[in-house]
Amino acid sequence: MAVFSWLIPATPQSLVGEFEPTFKKLGLEICHAQSSEKQLYAVALSSRDLNLPVVKVILSRINSEKPSLQIEVRSSEATLIKATRCEEFANALKAVAPPI
């Protein structure tokens, strides 16, 4: 399983309000039933095609001394393969939400 994870600064806005436009632009659909005010779960819309690997994004509030958000992008692809869909989504998200 391919996984990319990084931290970004937290803002007081709701996760859905802040990230829904960006996720839609990237082709990610927020799963409201699995999301809460502290965690956001999204799936790539094109993952519904059975021939493409499933790409999931989990965005979580981290409670620590310095409030931050953890972005985790996962897919069913092998970790050692280069240029995976998981890596494409991770790079696209890093462009709009760079690591701290």
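The numbers here are math on the coordinates, done by the rules we state, and not lab data. What you see is a predicted model, and the numbers here were worked out from it, not measured in a lab. A quick note on method: Cβ atoms are made from the backbone with ideal geometry, for glycine too, and the neighbour counts reach across all protein chains shown.
Numerical summary
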| read-out | value |
| --- | --- |
| Neighbour-count ranking [beta-carbon atoms within 10 angstrom, fewest first] of I100, I8 | I100, I8 |
| Karplus-derived 3J(HN,Hα), 6.51/-1.76/1.60, for each residue of segment 7-20, Hz, glycine and proline x | 9, 10, x, 8, 10, x, 5, 5, 4, 5, x, 7, 9, 4 |
| The chain, relative contact order in percent, only Cα pairs under 8 angstrom and at least six apart counted | 35 |
| Long-range amide H partners of S68 with built H, under 5 Å | A10, I62 |
| 29 Å Cα-Cα reach of K82 towards lysines, excluding residues that sit fewer than 8 places from it in its own chain | K24, K25, K56, K94 |
| Additional length obtainable on full extension of the chain from N91 to E37, 0.36 nm per residue less Cα span | 17.0 nm |
| Given charges at beta-carbon only (K, R positive; D, E negative), |dipole| of the chain in Debye | 60 |
| Estimated vicinal HN-Hα couplings, Hz - segment 76-89 in sequence order (Karplus 6.51, -1.76, 1.60; Gly, Pro = x) | 7, 6, 5, 5, 7, 7, 8, 6, 7, 4, 4, 5, 4, 5 |
